[in-house]
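J.: Supplied in structure tokens, the structure appears directly below.
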Ligand SMILES: Nc1ncnc2c1ncn2[C@@H]1O[C@H](COP(=O)(O)OP(=O)(O)OP(=O)(O)O)[C@@H](O)[C@H]1O
Ligand SMILES: [Mg+2]
């Protein structure tokens, strides 16, 4: 398994007393597998993904275990955490603005990891990023890389951070609502890119979304989260179309659907219904 999370619990101290955010979360992602993590807002999806990289809130208490590519992630082993963050996993954060330095040019921020951590020469890193920016539907990447985050729309920034995360060739991609701010056409392009990279590089993806329909369409397996716990696990093929778990069914039922197209009913004063 590329990612194994076992009985992960996480509690943060609050003025009103300890607040448990995750309860015995267990999940697995295999090599080349795309696994969905779905649940309503506040169910703990982002906290789970961030915990994989040991990005946990200050003062939080955790129990359970996390391993990425066989490397145990634990606060007592900073080298292991560094190895996971640099060599094995990359995360697309839910809010792209928070992961780019507002006073640095896009190109410098987005290639920083490649240059400073992976030792790729700056020109090569920029070329790699530009190619991926084109693949996620951004035109004129060289000009975009010279701009600052406030000069790009939310959807453009989201595509920049997707390209930056993919540029390091991670074995495991933690994609937190990575396509939620994109229009449907761009979303389809990004999903096609993720599918291709999964095939070509055997990249594993933990795909976090609140959209059960999307998760079912993209993922091999889907975990459903509620109130900090995993409450269901289903193959992507069936999770939306024939959910068994009552909570998953409620999520599926809450998904807006287009009404079935029906023939327009004939006008009341027209016996044949032939349009006039
Ligand atoms: N540092 C923190 N201190 C206190 N509470 C926190 C902290 N981080 C997260 N929480 C709480 O933990 C719960 C889970 O948050 P999380 O961001 O993981 O949810 P989510 O499933 O990703 O939601 P969304 O779909 O809105 O992104 C929420 O109730 C949130 O308010
Ligand atoms: Mg979230």
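J.: If you take just the strands (runs of 3 or more DSSP E) that sit entirely in segment 1-70, which of them hold at least 1 residues that are surrounded by 14 or more Cβ atoms within 10 Å (Cβ to Cβ) and either without any contact (Cβ under 8 Å) to a residue 24 or more places away in the chain or within 12 Å of ligand 1 (Cβ to nearest atom) (or both)?
T.: Because the criterion is at least 1 residues that are surrounded by 14 or more Cβ atoms within 10 Å (Cβ to Cβ) and either without any contact (Cβ under 8 Å) to a residue 24 or more places away in the chain or within 12 Å of ligand 1 (Cβ to nearest atom) (or both), the strands (runs of 3 or more DSSP E) in segment 1-70 that meet it are 3-12, 19-29, 34-39.
J.: In addition: Can you tell me how many residues in segment 132-176 are within 16 Å of ligand 1 (Cβ to nearest atom) and surrounded by fewer than 19 Cβ atoms within 10 Å (Cβ to Cβ)?
T.: Residues meeting the conditions: 1.
J.: Of everything in segment 116-127 that's modelled with pLDDT under 95 and assigned to a helix (DSSP H, G or I), which residue is farthest from residue 87 (Cα to Cα)?
T.: Filtering first and then ranking leaves 116.
J.: Can you say whether residue 198 is assigned to a helix (DSSP H, G or I), closer than 17 Å to residue 2 by Cα, more than 16 Å from ligand 2 (Cβ to nearest atom) and under 15 Å from the mean Cα position of the chain (by Cα), as far as the supplied structure shows?
T.: Details: assigned to a helix (DSSP H, G or I): yes; closer than 17 Å to residue 2 by Cα: yes; more than 16 Å from ligand 2 (Cβ to nearest atom): yes; under 15 Å from the mean Cα position of the chain (by Cα): yes.
The answer is yes for residue 198.
J.: Which number in (1) under 26 Å from residue 10 (Cβ atoms); (2) at pLDDT below 95; (3) crowded, with 16+ Cβ neighbours inside 10 Å marks the one condition that residue 250 misses?
T.: Going through the list (1) under 26 Å from residue 10 (Cβ atoms); (2) at pLDDT below 95; (3) crowded, with 16+ Cβ neighbours inside 10 Å, residue 250 breaks only (3).
J.: Okay, moving on. Quick one: residue 215 ticks every box in (1) part of a helix (DSSP H, G or I); (2) within 26 Å of residue 84 (Cα to Cα); (3) away from ligand 2 (no atom under 16 Å from the Cβ); (4) touching a helix residue (DSSP H, G or I) at 6+ places or on another chain (Cβ under 8 Å) bar one, so which box is it?
T.: (3)
J.: Within segment 87-107, is even one residue over 27 Å from residue 200 (Cα atoms), more than 20 Å from the chain's Cα centre (by Cα), at pLDDT 95 or above and within 16 Å of ligand 1 (Cβ to nearest atom)?
T.: no
J.: Scan 182, 206, 194 and give me the residue that is at pLDDT 90 or above, surrounded by 19 or more Cβ atoms within 10 Å (Cβ to Cβ) and either under 18 Å from residue 239 (Cβ atoms) or in contact with a helix residue (DSSP H, G or I) (Cβ under 9 Å, 6 or more places away or on another chain) (or both).
T.: Of 182, 206, 194, the one residue that is at pLDDT 90 or above, surrounded by 19 or more Cβ atoms within 10 Å (Cβ to Cβ) and either under 18 Å from residue 239 (Cβ atoms) or in contact with a helix residue (DSSP H, G or I) (Cβ under 9 Å, 6 or more places away or on another chain) (or both) is 206.
J.: Quick one: is residue 4 more than 14 Å from ligand 2 (Cβ to nearest atom), within 26 Å of residue 196 (Cα to Cα) and in contact with a strand residue (DSSP E or B) (Cβ under 7 Å, 6 or more places away or on another chain)? Before you say what the answer is, go through the steps one by one.
T.: Details: more than 14 Å from ligand 2 (Cβ to nearest atom): yes; within 26 Å of residue 196 (Cα to Cα): yes; in contact with a strand residue (DSSP E or B) (Cβ under 7 Å, 6 or more places away or on another chain): yes.
So residue 4 fits the description; yes.
The values are calculated or read from the model by the stated rules, or taken from the named source; none is laboratory data. These numbers come from a predicted model, not from an experiment. Because the Cβ atoms are built from the backbone with ideal geometry, glycine has one as well, and the counts that use them run over all protein chains shown.
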